[in-house]
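Q: For reference, the structure I am asking about is given below.
Nothing in this text is a laboratory measurement; each read-out follows from the coordinates by a stated rule. If you're wondering where the values come from, they're calculated on a predicted model, not measured in any experiment. Neighbour counts run over all protein chains shown; Cβ positions are idealised from the backbone, glycine included.
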């Protein structure tokens, strides 16, 4: 298989997944369908390095795309918005607490301490947590536990995607009923949404920035990407010297540098690069399924499914209780906590697909995205980007 053929196969399968999801009005998320295609492909005719052959693997599909996207997310969520979403942070942390309590006290006596220690951190987050636990298990000679950690990362989305879609569909219908009954556009906590990609735009008064804007003619694709890369590299250096994951720094620095005027609001879309970078990142994420062989899945299937079921039950119960206390609908509270099973960018894509499938026009789409997207984005960063790394760092010493 040559480079062009590899790129063609991935692009066609990705499009088919999107088309099926569109036809199904997002009841079957595209990320779920595409993940299935990749899984079957790796089990049949895909070479293990198909993503690398297509030119979509590391470093572009890895650190570069991840850091650019996370820094970009800092350009669409302001400090004011984060403060507005404090309830989401409380709900997601409550959900993760429920997941850990349920898994520790229910799963540990049944599937064993090693499997719970290896599988729980990846279940609370993404690839960083899975890598930490896999390497920690291998250092102790626990090969099966190491396999479980990677398999959990590869498979947890299969539970999270459809559940999130159901929750957001219920929430979206409730919001639309509220919107249509009102007969006018209601205020949202996040502002309006960009027509092309659902990007948050502040409804704030223009204020003077520390760094003044240049004339618009200088804002080329290369200039905007260069500024993003500068901030991403600063975040990388801060991560290296502080011990705090560089992805966390990328989000923080993205917000700060946008507030002072160095980065542009909604940078990647302004650079007309968001769609491609997102595509590269998602393909890179799906390439992790190459390690989920049929034999591996069968070996750890029982313990993995049990941990996922029990963990999601604890996640749902505690997040719904927290949501009830904070007056957030039970389905939205559950949805934001479910971001622990996949994080960014699937949380964005699923919200976008659900909003498109429910909305009758652009105004309704804007309203749904303005209500649901900020909560889903903050939920994903709270669980996957921040908390899961902390949890993995603690659990890695528990073998």
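Q: For segment 284-399, list log₁₀ I(q)/I(0) at each q in 0.14 Å⁻¹, using the Debye formula over Cα point scatterers of equal strength and ignoring solvent, two decimals each.
A: -0.76
Q: Related question: Assuming R0 = 35 Å, can you tell me the calculated FRET efficiency for the pair residue 163 and residue 213, based on Cβ-Cβ distance, to the nearest 0.05?
A: For residue 163 and residue 213, the calculated efficiency is 0.25.
Q: So if I average 1/r over every pair of distinct C-alpha atoms in segment 90-145 and take the inverse, what Kirkwood radius in Å does that give?
A: 11.8
Q: Quick one, what does Rg over Rh come out to for segment 298-346 if you take C-alpha atoms and the Kirkwood Rh?
A: Radius of gyration relative to Kirkwood radius: 1.10.
Q: Mind giving me the nanometre distance, one decimal, between the label points for residue 240 and residue 298, set 7 Å out from Cα along Cα→Cβ?
A: Result: 4.6 nm between the two label points.
Q: How big is the C-alpha Rg of segment 1-96 next to the rule-of-thumb value 2.2 N^0.38 Å, as a ratio?
A: 1.43
Q: Would you kindly give the portion of the calculated P(r) for the chain that falls above 35 Å, as a percent of all Cα pairs?
A: Value for the chain (Cα pairs over 35 Å): 24 percent.
Q: Also, I was wondering about something else. What is the chain's relative contact order, in percent, from Cα pairs under 8 angstrom and six or more apart in sequence?
A: After rounding, I find 34 percent.
Q: Separate question: Distances longer than 24 Å among the Cα atoms of segment 41-182: what percent of all pairs is that? Present the calculation step by step, with values, prior to reporting the outcome.
A: Values: 5376 of 10011 pairs.
Every Cα pair in segment 41-182 considered, those over 24 Å come to 54 percent.
Q: Output needed: percent of Cα pairs per 10 Å distance bin for segment 23-75, bins running from 0 to the one holding the longest distance.
A: 21, 32, 37, 9, 0
Q: By average Cβ neighbour count within 10 Å, what is the ranking of 252-259, 103-110, 313-320, 294-301 from highest down? List each step's numbers first, then the result.
A: Numbers: 252-259: 21.0, 103-110: 17.0, 313-320: 22.6, 294-301: 14.1.
The packing order, highest mean first, is 313-320, 252-259, 103-110, 294-301.
Q: Using a 10 Å cut-off on Cβ atoms, rank the peptides 228-235, 321-328 from the highest mean neighbour count down.
A: Sorting 228-235, 321-328 by mean packing, highest first, produces 228-235, 321-328.
Q: Continuing with the same structure: If you average the sequence gap of Cα pairs under 8 Å that are 6 or more apart and divide by the length of segment 258-399, what percent do you get for the contact order?
A: 18
Q: Moving on. Quick check on packing: order 364-372, 210-218, 51-59 by the mean number of other C-beta atoms within 10 Å, highest mean leading.
A: Working: 364-372: 23.8, 210-218: 8.0, 51-59: 17.9.
The packing order, highest mean first, is 364-372, 51-59, 210-218.
Q: Can you tell me how much longer the chain between residue 305 and residue 63 gets when fully stretched, taken as 0.36 nm per residue apart minus their C-alpha distance, in nm with one decimal?
A: Extra length available between residue 305 and residue 63 comes to 84.1 nm.
Q: When the helices in the chain are scored as -39500 (n - 2.57) per DSSP H run of 4 or longer and the sum is shared across all residues, what 222 nm value do you end up with, to the nearest 500 deg cm²/dmol?
A: The helix-only estimate for the chain comes to -22000 deg cm²/dmol at 222 nm.
Q: With springs connecting C-alpha atoms under 10 Å apart, model the chain as a Gaussian network and identify which of 31, 111, 280 has the largest mean-square fluctuation.
A: Most flexible of the set in this elastic network: 111.
Q: How far, in nm, would the chain grow between residue 260 and residue 12 when pulled straight, counting 0.36 nm per residue and subtracting the alpha carbon separation? Intermediate values should be presented prior to the final figure.
A: On the way: separation 248, 0.36 × 248 = 89.28 nm, distance 4.14 nm.
Gain in length upon complete extension: 85.1 nm.
Q: Just need the Rg to Rh number for segment 119-169, please, alpha carbons only, Kirkwood Rh.
A: 1.12
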